[in-house]
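The values are calculated or read from the model by the stated rules, or taken from the named source; none is laboratory data. These numbers come from a predicted model, not from an experiment. Here the Cβ positions follow ideal geometry from the backbone for every residue, glycine too, while neighbour counts run over all protein chains shown. Surface accessibility is based on the protein's heavy atoms, side chains included, excluding ligands, DNA and RNA. Shrake-Rupley method; radii C 1.70, N 1.55, O 1.52, S 1.80 Å.
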Amino acid sequence: MSNHHPIYFVHGVLGWGPQEKGFGQYWGEAHSVKDEKYPQQKGAKKVDCPIKFASVGPVSSHWDRARELFYQIKGGDCDYGENHAEEHHHKQELEDWEKANRADLQYRDWDEEHPVHLVGHSQGAVTIRLLEWMLDNQRFSGFKTSAKWIKSVTSISGVLNGSTLPYASLGADPETGLLRKLPLFASGPFLGLSTGLHAVSQMDQAWSILWKSLNLESGYNWDLDQWELKRRNYILFGEPFWVFFWRILNHDFLYSEDNAAYSLSVHGTVKLNERLKTYKDTYYFSYVTQQTQKAEHHGYHVPHQNMLFLMKKFAWEMGRFDKSLAGVEGFNPKDWWANDGAVPVISQTYPFLPLKDAHKHPHTEISSDWPKDDPIKKGQWYVMKEPFNEWDHLDVVMFHENESRRNSQYCFYENLIRKLWELPD
């Protein structure tokens, strides 16, 4: 019997949700897919608007994002956990947090009998894996949870084993994975990417985006309330975006283990993956994006000509990163050169680091966009490489001026949503 459980889309690093007005739609043509096209199965519980788009901290750690995602779905003020908050020296609870988040995201019936599908792009893929672990280990006070609260996990360009970008482009320490104080040459491109993402997502509102980046007006506030980091509101105008950005760069949290950069490093991911596992009652799918090619004269990987210009610098640097990473068994830099501008191809496939735990994540690599197994197996990863072998990290989520690419993106999400709802209940 098919299902009609809600599908939650979880954005990646530097991402945003629909409530952050003026920045376009992070998930591109996925927003255009209407659930009315898919008739509700007989006996299935009615769910209002079962296609939903979450909004979690754009530069926060996997842990903080997973906690925020839980309370966005289940409802209530966000609680990051007493031990975690004490260890990392930030607030444990956010007062009035529920009021600031969209009520239409909530699914208060969420439990084993009413599970959800989770789709994560980039960092979002690991955020939802960590949430599954938290549910299995009952890490939410007042709720009796389990991994069965999640029907399926879909990773799109997921950082399942970490990325070399923090080391190659942001100066993370190859010994620890921690960021060092970001120099101007690193912070400049990072700032350009963070503002450019919004610009390319909605080119027809360039002046609106510029105004919103200069002033406090807009919802994109980096969601760092747990660190008491907010854009200041002056008498006549709001704190300029780059001034607030500079305050973030000089805050201690950015150079600890409780931020997106460390979470997305290979060191941070290996440490996290030692906890996580593939659950026997969950369906797992991963889609791989790549837009680099091997250069004949030196063997490095270089970006395709049509890669988004914001990603090319990172693709170049990752495509020739040749440093060893201390303590990461089996890491061979050359295997990580092929990338999509943000994440190495090898990392997007399935969770295999640390190597000693690889057996916990059985997988099948296929070339089509959906497994042919009948029935599709739970508790193993289906890795799909072919659909996006010429797409960069943002092609699969952002809007495109190219009508053909927009149509392809729409067809992908329409097919994915249909397939998820066809999974046996």
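Pairs of Cα atoms under 8 Å, at least six residues apart: use those to get the relative contact order of the chain, whole percent.
It comes to 20 percent, rounded to a whole number.
Give me the number: length gained by fully extending TYR410 to ASN83, i.e. 0.36 nm times residue separation minus the C-alpha to C-alpha distance, one decimal in nm.
Gain on extension, TYR410 to ASN83, equals 113.5 nm.
Exactly which GluC sites (Glu not before Pro) in segment 288-369 are in a DSSP loop and have at most 10 other Cβ atoms within 10 Å?
GLU296, GLU329
Within the chain, what whole-number % of the accessible surface is contributed by carbon and sulfur, with the 1.4 Å probe and all protein chains included in the calculation?
The C+S portion of the solvent-accessible surface of the chain is 50 percent.
Amide H to amide H, which residues 5 or more places from HIS363 or on other chains are under 5 Å from it, using H placed in the peptide plane?
Residues meeting the amide H criterion: TRP381.
What's log10 of I(q)/I(0) for segment 116-165 at q = 0.15, 0.16, 0.17, 0.21 Å⁻¹, Debye sum over Cα points only, no solvent?
Results for segment 116-165 at q = 0.15, 0.16, 0.17, 0.21 Å⁻¹ read -0.42, -0.47, -0.51, -0.71.
Report Rg (one decimal) and Dmax (nearest whole number) for the chain, counting Cα atoms only, units Å.
Final numbers for Rg and Dmax: 20.3, 63 Å.
Roughly speaking, what is the stretch gain from GLU401 to GLU93, that is 0.36 nm per residue apart minus the C-alpha to C-alpha distance, in nm to one decimal?
Difference between extended and current length: 106.7 nm.
For the chain, what does the helix formula give at 222 nm: sum of -39500 (n - 2.57) over DSSP H segments with n ≥ 4, over the residue count, nearest 500 deg cm²/dmol?
Per the formula, -8500 deg cm²/dmol.
How compact is segment 93-143 by the rule of thumb for globular proteins, expressed as Cα Rg over 2.2 N^0.38 Å?
Here the Cα radius of gyration is 1.28 times the empirical estimate.
Kirkwood hydrodynamic radius of segment 295-404 from all distinct Cα pairs, in Å?
16.0
Out of segment 379-425, which GluC sites (Glu not before Pro) are coil in DSSP terms and have no more than 16 other C-beta atoms within 10 Å?
GLU390, GLU401
In the calculated pair distance distribution of segment 237-328, what percentage of Cα-Cα distances lie above 23 Å?
Of all Cα-Cα distances in segment 237-328, 54 percent exceed 23 Å.
Per residue, how many Å² of accessible area does the chain show with a 1.4 Å probe?
42
If we count every other residue with Cβ under 14 angstrom of GLY299's Cβ, Lys/Arg +1 and Asp/Glu -1, where does the sum land?
Local net charge: 0.
So for GLU112, GLU175, GLU20, what's the accessible-area order with a 1.4 Å probe, most first?
Largest accessible area first, the list is GLU175, GLU112, GLU20.
How much solvent-accessible surface does THR349 expose, in Å² to the nearest 10, with a 1.4 Å probe and all protein chains in place?
THR349 has an accessible surface of roughly 10 Å² with all protein chains in place.
Given a Förster distance of 60 Å, report the FRET efficiency between GLU296 and SER2 from their Cβ-Cβ distance, rounded to the nearest 0.05.
With R0 = 60 Å, the Cβ-Cβ based efficiency is 0.75.
Of the options GLY17, PHE241, GLY158, report the single residue whose Cα projects farthest towards the positive end of the charge dipole of the chain (beta-carbon charges: Lys, Arg +1; Asp, Glu -1).
GLY158
Which distance in nm do the two modelled labels at LEU355 and GLU36 give, with both placed 7 Å along the Cα-to-Cβ direction?
Output for this residue pair reads 5.5 nm.
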